[in-house]
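Read through the structure below, which is laid out as structure tokens, and then see the notes.
What follows is calculated from the coordinates using simple rules that are stated; it is not laboratory data. These numbers come from a predicted model, not from an experiment. No Cβ is skipped: glycine too gets one built from the backbone with ideal geometry, and neighbour counts run over all protein chains shown.
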Amino acid sequence: MVEMVEPWLRGTRTEIDAVRRAVLHALELAAEDIARWSEPLNGDELESRPLGLPSVGFQVRHIARSLDRLLTYAENQKLTARQLKLLETEDEIVDRESTLMEFAEAIEVSTKRVLAFSEKSYEQARTVGRKNLPTTVGGLLVHCADHTQRHVGQAITTAKAVLALRGS
């Protein structure tokens, strides 16, 4: 078995500050993990909910769409009607290719959006959601990383359950 070195240990992106570098490494790892664990799943398996777990497809759509929402808040913008509609439909089954393409595009676009921030902006105040909960640009960027990784872990757990049940 080939040992994979995680993005943060590859010595990449050293030209940018540690916060954005860490966020981008988390997104790179997410892309690699989702590719690895979704590859063996067919469309039905990607959307299956073993033991009542949220499907891998749901997790992938949620990651993609929440990155868009979180970065919109970081950019000091309000969510659009389209973003709110997509939030409501994350659990709706979409074909495998569309789900994985949405995820890949979200990682690519999110990378560009993260790079557009300056480290001088990290302490700028921002609000989140209808309740306008307080945070900062830096807080939102870090949350992009930790929220993404949380849901990747859930997707991996579900994928493992699907694959284990396939054999039974």
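Okay, here's what the table says:
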item: Projected area, mean over directions - the range 1-116, Cα convex hull, nm²; result: 8.7
item: Where Rh is the Kirkwood radius over Cα pairs, Rg/Rh for the range 90-168; result: 1.09
item: Amide hydrogen neighbours beyond the local backbone of residue 136, cut-off 5 Å, H modeled; result: 126
item: Helical segments meeting 24 Å axial Cα length and Kyte-Doolittle -1.0 threshold in the chain (DSSP H); result: 18-38, 56-74, 96-115, 137-166
item: Cα-based reach from residue 85 at 24 Å (exclusive), listing lysines while leaving out same-chain residues under 8 positions away; result: 112, 131
item: Estimated FRET transfer efficiency when R0 is 22 angstrom, pair residue 42-residue 89 (beta carbons, to 0.05); result: 0.50
item: Longest segment of the chain lacking trypsin sites (Lys or Arg not before Pro) that sit in a DSSP loop with at most 16 other Cβ atoms within 10 Å; result: 11-77
